[in-house]
1. Describe numerically, in nm with one decimal, the distance between label points set 7 Å from Cα along Cα→Cβ at VAL600 and at ALA287.
2. Under the rule of at least 5 residues apart or a separate chain, name every residue whose amide H is placed under 5 Å from the amide H of LEU182.
3. Per 0.36 nm of contour for each residue apart, how much would the distance between GLN425 and ALA262 grow if the chain were fully extended, relative to their Cα-Cα spacing?
4. In what sequence, highest mean first, do 69-82, 461-474, 567-580 appear when ranked by Cβ atoms within 10 angstrom?
5. In whole Hz, with x marking every Gly and Pro, tabulate ³J(HN,Hα) for region 360-371 from phi via Karplus 6.51 cos²θ - 1.76 cosθ + 1.60, θ = phi - 60°.
6. Based on the Cβ-Cβ distance of ARG481 and ALA57, what FRET efficiency does E = 1/(1 + (r/R0)^6) give at R0 = 45 Å, to the nearest 0.05?
7. With θ set to phi - 60°, apply the Karplus curve 6.51 cos²θ - 1.76 cosθ + 1.60 along region 433-449 and write out the HN-Hα couplings as whole Hz, x wherever there is a Gly or Pro.
8. Would you mind checking region 361-376 for residues with the amide N under 16 Å from a putative spin-label position 7 Å along Cα→C-beta of ASP575?
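Any read-out appearing in this document is the output of simple, stated calculations on the displayed coordinates, not a laboratory observation. What you are looking at is a predicted structure, and each value in this text was computed from that prediction instead of being measured. Because the Cβ atoms are built from the backbone with ideal geometry, glycine has one as well, and the counts that use them run over all protein chains shown.
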Amino acid sequence: MTDQPDDSAAPGAPDPAAGPEPTAEPGDGSGLTGALEVLRARLGALRLPLETSGAEAARTDLRRATDQLDDYLLPRLRAQKAPLLVVVGGSTGAGKSTLVNSVLGERVTQPGVLRPTTKAPVLVHHPLDARWFSTDRVLPGLARVTASGTGSAAAQAGGQAGGQAGGQGGGTPAEPSRNLRLVPSDSLPKGLALLDAPDIDSVDTANRELAAQLLGAADLWLFITTSARYADAVPWDLLLQAAGRKAQVAMVLDRVDPGAEATADDLRDMMVEHGLADSPLFVIPEAELVDGMLPEEGVSDVSRWLTGLGGDAEARGRVIAATRDGVVDSLVVRAGTLADAADEQQAADVRLRHVVDRAYADAVAQVTAATSDGALLRGEVLARWQDFVGTGEFFRAVEEGIGRFRDAVAGFFRGTPKAAPQVEQAIAHGLESVVLDAAEDAAERSYQGWRGDAAGAALLEGLELLRTPAALRSEVTGQIRGWQGDVLELVREQGSAKRGTARALSLGVNGLGVALMVFVFASTGGLTGVEVGIAGGSAVLAQRVLEAVFGEDAVRRLAAQARDRLRARIQAVMDGQAARYTAQLDALGSAEAGGERLRVAAGAVASAASAERRVRLRAAEAAPAAGAGAEDSTASGGLRGVHARPAGEVLAKGGTDLAEEPARKGFWKRLFGEGDR
Ligand SMILES: Nc1nc2c(ncn2[C@@H]2O[C@H](COP(=O)(O)OP(=O)(O)OP(=O)(O)O)[C@@H](O)[C@H]2O)c(=O)[nH]1
Ligand SMILES: [Mg+2]
């Protein structure tokens with residue numbers, strides 16, 4: 001009774017039943033379980049929001065990986081003594097339900113002429129094994145439906161409900177059953193459970209997915225095909241995947257007409273091609289069904305094989321370990337692929353941000369250039385400036401030298417304070433269109449850049465990012481006003497910090513401010529208005545006026561400050577515009593999508609797995625394999641046809657018989673652990 005699970009073996013909880021002993025058994029995989037739990041958490045946190053080229057496949061992969069962990073691996077590791085789950089899978093109408101009923105000698109599941117018949121999966125277990133399946137320890141997504149009692153009458157009632165009624169809600173394809181019907185049967189050896197699955201090639205997608213999910217939860221696939229259908233593509237796709245992750249598979253070739261035995265050879269060849277050379281193959285001849293069941297002789301090989309497996313805890317353990325190891329390995333590989341996909345997401349995030357950053361950095365540069373090379377001092381601005389400074393006396397003063405010039409400046413400002421706001425206005429207008437143009441260009445460039453990138457293009461859908469928003473104009477206007485205010489403030493401060501305060505302020509802060517703006521627009525990279533010779537000396541005048549009031553050094557410093565303030569405000573505008581794009585990425589969290597943490601978790605699983613295997617191998621070497629024990633099957637009524645015919649007669653090449661020759665061929669050699677890994 002050491003196999004009996006503890007009542008406290010609640011699903012999901014850190015499970016004391018991970019080993020029946022209070023302390024962790026060597027090789028019980030508890031370190032592995034911990035590593036897998038971490039991996040599960042990392043997978044749960046993994047986001048693949050961007051439409052990178054591999055994203056779609058990666059999302060499927062992610063779903064598969066979490067299913068593998070939830071439906072199979074974690075339940076298996078947390079309850080290592082749980083019965084071996086044999087999932088009977090295959091094409092529709094291949095005879096899965098008929099075979100299950102036939103080996104049990106009871107109608108536990110409903111075969112039928114209407115395809116597909118089995119919608120709600122039926123899980124048959126020994127009555128003493130009920131507790132392993134009644135909780136959501138395995139296949140947590142399926143609701144349990146139980147038939148009370150054992151014996152054919154109750155079992156048949158269970159089978160009817162599970163099969164024909166398709167489980168509640170199983171009647172329509174749109175609402176597939178998410179039930180798992182549990183049927184106890186004492187025909188089955190304890191420690192072995194049979195699950196009659198829906199067809200893997202169903203017209204009904206949900207049915208098909210359910211079948212794949214069930215196969216994913218199996219310790220062993222009993223895969224049924226017929227001589228008419230064995231070459232179909234769908235089963236082989238699945239079988240190839242199974243072989244790839246070393247899931248343990250046994251094949252049944254059903255309904256073989258007399259004289260068509262060569263089919264088995266052909267199937268055997270296909271198995272070899274698909275990596276299943278070591279899997280046993282059972283051949284069941286076509287026969288009249290009696291009461292819906294195959295003749296005893298037909299199922300005797302399968303029955304004996306299953307009975308042998310059920311009766312030998314050692315052999316069961318090896319099947320379980322082989323499939324489990326394969327799933328762990330494939331999960332590690334899959335996690336690596338997912339980590340790469342996550343890195344790709346992060347790279348796409350960086351790439352898309354870079355496009356936007358570059359476009360808007362260029363926009364800032366564009367505005368900076370236009371506001372420092374004199375380009376703004378044309379047209380309206382120039383005309384208003386000339387109105388402001390007037391002609392005649394002022395120009396002459398400039399020509400005649402600095403002494404008289406100061407007086408002229410003073411006189412001038414006293415005379416014309418009212419013209420300053422018009423210059424300011426013209427500057428604001430000019431600046432506004434420079435900024436708006438640059439923002440428009442950047443939006444367009446960002447848009448085109450994203451559209452040329454699959455991940456970016458997907459984000460643009462449904463968003464109006466190509467054009468700048470209407471509200472931008474007023475924002476820009478506000479920032480420019482703000483900057484002009486900054487400039488006036490600088491002038492005011494400078495005026496009060498200097499000896500000539502009263503004089504400067506009496507000249508009019510507005511007039512000096514305008515002069516500073518003009519000077520800023522005409523001075524680039526250390527060159528001054530004099531050197532660039534802007535706009536008929538307009539900038540030269542501004543410079544002379546400012547220098548006359550504040551002195552050369554102060555003017556240079558004021559200009560640099562004014563330029564910095566302008567730049568900061570333009571930067572703020574462009575940052576806001578860039579954020580229209582980058583906010584999409586922020587919302588998806590794709591910047592944090594990288595796969596490094598996942599890779600680390602996968603690495604930890606890989607090393608925990610190999611440590612666990614080493615321990616297991618050493619334990620196996622220390623304790624020589626016990627013979628095929630019959631301790632577990634004593635409680636069993638026995639599968640049908642076990643004694644119906646001598647072993648080996650109908651086995652195709654490569655078929656094996658556990659009870660007779662436990663380690664004859666590769667399959668069993670592998671199960672018994674002789675140095676395959
Ligand atoms: N004559 C004969 N009929 C069989 C045999 N196996 C199955 N059938 C019949 O074929 C039909 C399909 O059998 P099922 O056992 O329901 O097939 P299944 O694989 O469970 O089908 P799904 O649940 O739809 O995937 C039924 O009408 C069975 O009675 C056989 O060996 N010989
Ligand atoms: Mg069926």
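1. Here the answer is 6.0 nm between the modelled labels.
2. Residues meeting the criterion, in which the H sits 1.01 Å from N, are LEU123, VAL145, THR146, ALA147.
3. Difference between extended and current length: 49.1 nm.
4. Details: 69-82: 22.1, 461-474: 12.1, 567-580: 18.1.
Highest to lowest by the protection proxy: 69-82, 567-580, 461-474.
5. 7, 5, 5, 5, 5, 4, 4, 5, 4, 4, 5, 9
6. Numbers: r = 53 Å, r/R0 = 1.18.
The calculated FRET efficiency here is 0.25.
7. Those phi angles translate into 6, 4, 5, 5, 4, 5, 5, 4, 4, 5, 4, 4, 5, 4, 4, 5, x Hz.
8. Within reach of a label on ASP575, which here means backbone N under 16 Å from a point 7 Å along Cα→Cβ, region 361-376 contributes 361-365.
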